[in-house]
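I have placed the structure first, in the form of structure tokens, so that the comments after it can refer back to it.
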Amino acid sequence: MKKFILMTALILIDTQIGLQETGFYGSERNNPEAEENCGRVLQFFRRKQLPVFHVKHNSTNIDSPLHSSKMGNNFHPAVKPLINEPVFEKTVNCAFIGTDLETRLKRMGITNLVIAGLTIEHCISTSVRMASNLGFNVVLASDATAAFDKMGYDGNKYPADVIFHAELANLKDEFATIMDTHTLLGELDKSIE
């Protein structure tokens, strides 16, 4: 089991303060503890000296809180990267497009990814699917992500919790193992002992 943990990296995606601004993305966001849970996972990986990679979204939309000219583009205080933790910047909804993240992971012999961050209906879902398709074993920390409500093609409004749970259901088993933060850290801790 020790080999498993040594081949595991954490990918934190778009843990930026602008994703707390519900007005731009919808009228509500679920799981307000997502960033703090990302921070718990991050602290575990740091304590165990396991690889950590940060992905940052630089929106091309000047009105977006994630545009590089806005304060919302900054990392959330719970997950600010350390100087030795690589940051990959992107302008699309996938951590692997336009970055050399895949190359870096494979060069290090990493085969297992823990993914956390925001939001599940955008960059998390796309990145989890891509990671799985690239051959990585993926665990998604379910309570270290969140969703916004959405207006459907049919004119109906779908609450954030509905979007959130539907995305988790779509990713489960086919693309990722789904675990909450407490379970995930317990399983990782057992693998290290």
Item to check | Candidates Ala141, Ala34, Ala166: whichever shows maximal mean-square fluctuation once the chain is modelled as a Gaussian network with Cα springs under 10 Å | outcome: Ala166
Next on the checklist: Not counting ligands, DNA or RNA, and with a 1.4 Å probe, what is Tyr158's accessible surface area in Å² rounded to the nearest 10?
Outcome noted: 80
Next on the checklist: For Cα pairs less than 8 Å apart in space and 6+ apart in sequence, what is the mean separation divided by the residue count of the stretch 51-107, i.e. the relative contact order in percent?
Outcome noted: 37
Checklist entry - Once the piece of chain linking Asp154 and Phe24 is laid out straight, how much longer is it, given 0.36 nm per residue of separation minus the C-alpha distance between them? => result 44.7 nm
Checklist outcome for this item: Any lysines whose Cα falls less than 24 Å from that of Lys56, other than same-chain ones fewer than 8 residues away, would be Lys48, Lys70, Lys80, Lys90, Lys106, Lys150
Checklist entry - How big is the accessible area of His122 in square angstrom, nearest 10, if you roll a 1.4 angstrom probe over the protein chains? => result 70
Next on the checklist: How much accessible area per residue does the chain have, counting only protein heavy atoms and a probe of 1.4 Å, in square angstrom?
Outcome noted: 48
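How large, in percent, is the carbon and sulfur part of the accessible surface of the chain at a probe radius of 1.4 Å?
On the way: 4850 of 9180 Å².
On the chain, the fraction of accessible area on carbon and sulfur atoms equals 53 percent.
Mind ordering 94-103, 9-18, 66-75 by average Cβ neighbours within 10 Å, highest first? Provide the component values of the computation, followed by the final result.
Numbers: 94-103: 17.7, 9-18: 24.3, 66-75: 15.8.
So the peptides 94-103, 9-18, 66-75, ranked by packing, come out 9-18, 94-103, 66-75.
The values are calculated or read from the model by the stated rules, or taken from the named source; none is laboratory data. Keep in mind the model is a prediction, meaning the values are calculated, not measured. Backbone-built Cβ (ideal geometry, glycine too); neighbour counts: all protein chains shown. These area figures cover heavy atoms from the full protein model, side chains too; ligands, DNA and RNA do not enter into them. Shrake-Rupley method; radii C 1.70, N 1.55, O 1.52, S 1.80 Å.
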